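Please read the structure below before turning to the comments.
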Amino acid sequence: MDQAEFHRAATSKDPKDRLIAFHELNKFLKNFQDKDLAERDLLQLAKDEDAEVRPWAAESISTVFGDLPN
């Protein structure tokens with residue numbers, strides 16, 4: 001998954017797409033050129049309206065925290 005695919009999945013209206021984004025993030029974050037965009041997408045997902053998505057965001061943040069710029 002490249003960064004554009006991650007961004008599309010992370011901002012999709014379909015919660016299943018957003019969950020797929022988390023599963024892929026841990027594998028591909030180091031390859032993303034725009035870490036700030038990835039961070040913004042991830043933080044937005046942490047505030048997701050879907051209760052199934054938010055815990056995955058929290059887990060992903062803890063997993064990739066060292067790779068994020070801020």
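Evaluated with a Cβ-only charge set (Lys, Arg +1; Asp, Glu -1), the chain carries a dipole of roughly 60 debye about its Cα centre, given to the nearest 20.
Roughly how many percent of the accessible protein surface of the chain is carbon and sulfur, given a 1.4 Å probe and a whole-percent answer? Let's see the in-between values first.
On the way: 2230 of 4440 Å².
C and S fraction of accessible area: 50 percent.
Solvent-accessible surface (1.4 Å probe) assigned to ILE20 amounts to roughly 80 Å².
Suppose only helical runs count, i.e. DSSP H with n ≥ 4. What mean residue ellipticity at 222 nm does that imply for the chain under -39500 (n - 2.57) per run, divided by all residues and rounded to the nearest 500 deg cm²/dmol?
Helix-only estimate at 222 nm: -20000 deg cm²/dmol.
For the chain, the longest stretch holding no trypsin sites (Lys or Arg not before Pro) located in a DSSP loop with at most 16 other Cβ atoms within 10 Å is which?
14-46
Computed over protein heavy atoms with a 1.4 Å probe, the accessible surface of the chain works out to 63 Å² per residue.
The values are calculated or read from the model by the stated rules, or taken from the named source; none is laboratory data. Keep in mind it's a predicted model, so treat the numbers as computed, not measured. As a convention, Cβ positions derive from the backbone with ideal geometry for all residues, glycine included, and neighbour counts pool all protein chains shown. Protein only, heavy atoms only, side chains kept; ligands, DNA and RNA dropped before computing areas. Shrake-Rupley method; radii C 1.70, N 1.55, O 1.52, S 1.80 Å.
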